[in-house]
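Below you'll find the structure, written out as structure tokens, and then a few comments.
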Amino acid sequence: MRVKFSSFLTEAKPFLENLLKKLSQEYEYVSILGSDTFSKRYIVTTKDTNIGDSSWNERGFVVRVYNGINYSEFSFNEIADVEEIVDKIRNDLIVTSDRFKRSGRISKYPLIEEAELEGSFEENVEILPSKISTDEKVRKLSAMKDRAYKISSKLVNFWVIYEEVNVNKYFLSTKRRLSQSYVWSQGYLQAFARDAEKTKYSYEGFSGLKGVELLDEMENGVEKVVKEAETLLGSEKIEPGEYDVICSPDVAGLIAHEAFGHGVEMDMFVKERAKATEYMGKEIASPLVTMHDGAAAARQVSSYFFDDEGTLATDTVIIDHGILKTGISDLLSAMKLGTRPTGNGKRESFERKAYSRMTNTFFASGQDKLEDMISSIKYGYLLEKMSSGMEDPKNWGIQCMILYGREIKEGKLTDRIVSPIIMTGYVPALLKSISMVSEDLQLSGTGACGKGHKEFVKVSSGGPYIKAKVRLG
Amino acid sequence: MMIDKIIKILKTRKEIDDWKIVQNDDDAQELFFIRKALDMNRAKSTQKFFVTLYHDFEENDQKYRGSSTSIIYPTMKSDEIEETVNDALFSSKFVKNSPYPLAKPSKMEGHFTSSKYSSGDLSEWIHKISEELYSADRFMNSWINSSELFLKRNKFRVINSKGVDVSWELYKLYIEFITTSKRKGEEVELYSIIENSDFENGEIYEKVSQALEITEERANAISMPAVKGLPVLLSGEAVGEFLKYYLYKSSARYFYEHLSTAKTGDTIQGDDPSGDMITMYIDPSVNGSSYSTPYDEDGLPLRKVKIIENGIMKRYWGELKYAYYLKVKPTGQLTNFTVNGGKISEASLQEGRYLKLLSFSDFQSDPMTGDFGGEVRLGWYNDGESTVPVSGGSISGNISEVQSNMIFSKEIQKDKNFVVPKMIKLSNVKISAG
């Protein structure tokens, strides 16, 4: 089913064309991004139900102008008098940039030179959100919750969360007219189990450029997540140390994303915050490692046709058989660095600045089989379920929080579970230690990625199972 | 006015038993710097209406209150607002929650201090703030690599079908800045955030200077050694994150959702605590905190409330809905909390061997399991004779294993949404070498 483009943005086009025309009389470069994203979030828990618009909703515009030295932006969400907006930009933003120009404390950027481009892109999903009633969706979510309670008596709460998001964007500049519309959805199952005063939980995420068909995938995950939560009640603390480990695809994705991906966002190169610049063209990882990022590199929640600066999506090979090839870039950073933008200029919403951001980030698959990888380990862990991570682009420290590890002894998985786990270390050391890569490839795009502690955008990450040597605590 | 248009539509739907609108007008100025040079400037002006409608119904002799929240934008025409309301009303019919009331008009207790940011233009204020930020950038071996400044004015109005109609204005300054230092050819950096709701002369200068000093310390740091059985002295922002566990433990929502088992009168630090006992308040009026607010999003006036006293839970805190479910008085929904200091000074806590930790990649404490930990970006190891800065490695533990003998410093710090002891001494924490 085709995702139709927003009627709001279609109706706003004459206003936007007029605004572009007026601003182009004063500024050498003008672009406008219009966003209309509407979504619904359904939450069914043991004690509560909630249906409403989700935090991904946005409707508004952001104007970017070249102020003669660099760029100024204005975000707004009313279709007001065009002259008022022109005055606001002139009297507010330009006055501020002029103040810094006079003091000499301003960074220079070249004028954006764009090739002419027009295009309209509409994605497809199996079942559009509008085709299934709220009643039917809530019924399915409630059934998952009810089923969970039949599996374990230790359960104290069970959350079923489903979100469907319809993204519409229109980009216009002097030479570009681009529109896109697509739907992504995500779901979470979270089981909370308790034994006396000990509480543990597990979760499972589901996502994709999908519609309501995601609910069927979620139904299949109920039993696994409940049993995991129950098993975690018997988990132990890990003894800190260095271990041979196998990372599941989502933990591999966490490493690709947090440990390495943030460090190749090229606005970090401009700020001289990225250690990666010292390793360009050099060996950074085991020859078994190839890593991609790109909105065109996979079909997941961060797949789009053009980014928030009107640059078309690409598939960037960041690491090719262990050699660091390039980073990923927004438009302004690419201009500053003299490189090509890679279609990674993303905004949290029209209300925020565009930065170099990841899209779908993953390690390419290899040729090993998971069972061979397990049997190759004398003592170590199979690490499962990423919780969170934090970047350190300058010093390449790693913080990956992982829900649990399954003990491997003499090449076999035992029943011993350790939880939670903090993976730390030095990025190149970890990447160079990768000695086996499985033939699987799975991406997941639940949650949101921040830059520092803000600017949350939709991304996916993943990979195959990888064997590495890491420090756990 | 847009809000009148929305109310008019809501009143025409007989199946809507109650409604609430939260209007949020947002104006902001933003400056982005690389080193000392302005890299981009931005401004923002937006308006949104968060409309919640409530529908009461019965099914199999059971009463329910359904609800659904939608966002209305100023660009929506009447027919689109009507469609949005109809859709939300339809959705609310499948939300089977136990009934609960809406807030009724009530008088605000106490006084909410207005911000200095309210006098003058945001663009003038943010320029002044940037000047103060960079006036601290005067060190030989460390510097500000980059910074992002956001100064926002939020005007709120909450109006509901029970007669609540309250308005207030909040200011929020958010500064993210990266400090770098170099030693032996290797540069290191630290990530810092300053947040406030009011201008305090010298506050930014002092915090930036402190960040530059500790970045130099990180440049001198050695890798975390393999040490066991040391007391861990948690300091800085991680103290607030650690103590947040107790805030969630006493949350009405968490108890109702079976995510917390704590009951009023319980000893909240285990059966036989021998260290400092927690006394915790929720406080909507911490001066200068950008999380302070006179009302919550139900339009309920907020006040300071003691929730834990000397390790004994005194009451639940929470929004109207969950307080009603638990049959307790609502405190409103707010995130500012304070914890009293102890009797021992920071200096006394640093006697003997210890590992003092100030900066983490992202220190986390899990409000449900009590697990806490993080990768260390800067700390100090004292082996009983000398002190060296350390970096890398991690700590981990569970609050249930450390809470019985925690010692709080008597000195207090204010940061983000908390006012808490500057330092906590913890035993029984696992330390992983770098």
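Nothing in this text is a laboratory measurement; each read-out follows from the coordinates by a stated rule. What you see is a predicted model; the values in this text were computed from it and never measured. Reconstructed Cβ throughout: ideal geometry from the backbone, glycine too, with neighbour counts over all protein chains shown.
What's the number of the only condition in (1) over 33 Å from the mean Cα position of the chain (by Cα); (2) buried (at least 16 other Cβ atoms within 10 Å of the Cβ) that A:Ile106 fails to meet?
(1)
Select, from A:Glu371, A:Glu384, A:Glu391, the only residue that is surrounded by fewer than 24 Cβ atoms within 10 Å (Cβ to Cβ) and under 24 Å from the mean Cα position of the chain (by Cα).
Answer to the check: A:Glu384.
Looking at the range A:171-222, which of its residues are of a type in the set (Asp, Glu), within 14 Å of another protein chain (Cβ to nearest Cβ) and either within 15 Å of A:Lys385 (Cα to Cα) or touching a Ser or Thr at 6+ places or on another chain (Cβ under 9 Å) (or both)?
Result: A:Glu197, single match.
Here are some residues: B:Asp79, B:Asp121, B:Asp56. Which one is surrounded by fewer than 17 Cβ atoms within 10 Å (Cβ to Cβ) and at the interface with chain A (Cβ under 10 Å from one of its Cβ atoms)?
Among B:Asp79, B:Asp121, B:Asp56, only B:Asp121 is surrounded by fewer than 17 Cβ atoms within 10 Å (Cβ to Cβ) and at the interface with chain A (Cβ under 10 Å from one of its Cβ atoms).
This table checks each residue for (1) over 27 Å from B:Glu187 (Cα atoms); (2) in contact with an Asp or Glu (Cβ under 9 Å, 6 or more places away or on another chain).
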| site | (1), (2) |
| --- | --- |
| A:Asp267 | no, yes |
| A:Ala274 | no, yes |
| A:Ile284 | no, no |
| A:Ser303 | yes, yes |
| A:Leu312 | yes, no |
| A:Asp315 | yes, yes |
| A:Ile323 | no, yes |
| A:Gly327 | no, yes |
| A:Thr342 | yes, yes |
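Residues in the range B:97-117: is at least one over 27 Å from the mean Cα position of the chain (by Cα), at the interface with chain A (Cβ under 10 Å from one of its Cβ atoms), closer than 30 Å to A:Thr46 by Cα and of a type outside the set (A, V, I, L, M)?
Yes, that holds for at least one residue.
Can you name the residue in the range A:70-84 that is touching a helix residue (DSSP H, G or I) at 6+ places or on another chain (Cβ under 6 Å) and either within 10 Å of another protein chain (Cβ to nearest Cβ) or without any contact (Cβ under 8 Å) to a residue 60 or more places away in the chain (or both) and is also farthest from B:Ser91 (Cα to Cα) among such residues?
A:Ser72
So B:Tyr324 clears everything in (1) surrounded by fewer than 21 Cβ atoms within 10 Å (Cβ to Cβ); (2) assigned to a helix (DSSP H, G or I); (3) more than 14 Å from chain A (Cβ to nearest Cβ); (4) in contact (Cβ under 8 Å) with a residue 24 or more places away in the chain except one condition, right? Which one?
Single failed check for B:Tyr324: (3).
Considering only the range B:210-227, state which residues are touching a strand residue (DSSP E or B) at 6+ places or on another chain (Cβ under 7 Å) and assigned to a loop (DSSP other than H, G, I, E, B).
B:Asn220, B:Ala221, B:Met224, B:Pro225, B:Val227
Being within 12 Å of another protein chain (Cβ to nearest Cβ) and surrounded by fewer than 19 Cβ atoms within 10 Å (Cβ to Cβ) is the filter; apply it to the range B:173-199 and report the residue that is farthest from A:Glu272 (Cα to Cα).
B:Glu195
Considering each of B:Val402, B:Val376, B:Val390 in turn, give the residue that is within 14 Å of another protein chain (Cβ to nearest Cβ), in contact with a strand residue (DSSP E or B) (Cβ under 7 Å, 6 or more places away or on another chain) and not in a strand (DSSP E or B).
Among B:Val402, B:Val376, B:Val390, only B:Val402 is within 14 Å of another protein chain (Cβ to nearest Cβ), in contact with a strand residue (DSSP E or B) (Cβ under 7 Å, 6 or more places away or on another chain) and not in a strand (DSSP E or B).
Counting only residues that are over 16 Å from B:Asn398 (Cα atoms) and among the hydroxyl-bearing types (Ser, Thr, Tyr), which one in the range B:237-252 is surrounded by the most Cβ atoms within 10 Å (Cβ to Cβ)?
The selected residue is B:Ser250.
Would you pick out the residues in the range B:53-86 that are over 20 Å from B:Gln23 (Cα atoms), outside any strand (DSSP E or B) and touching a strand residue (DSSP E or B) at 6+ places or on another chain (Cβ under 8 Å)?
Residues satisfying the conditions do not exist here.
In the range A:384-402, what residues are over 19 Å from B:Asp366 (Cα atoms) and more than 9 Å from every other protein chain (Cβ to nearest Cβ)?
A:Trp396
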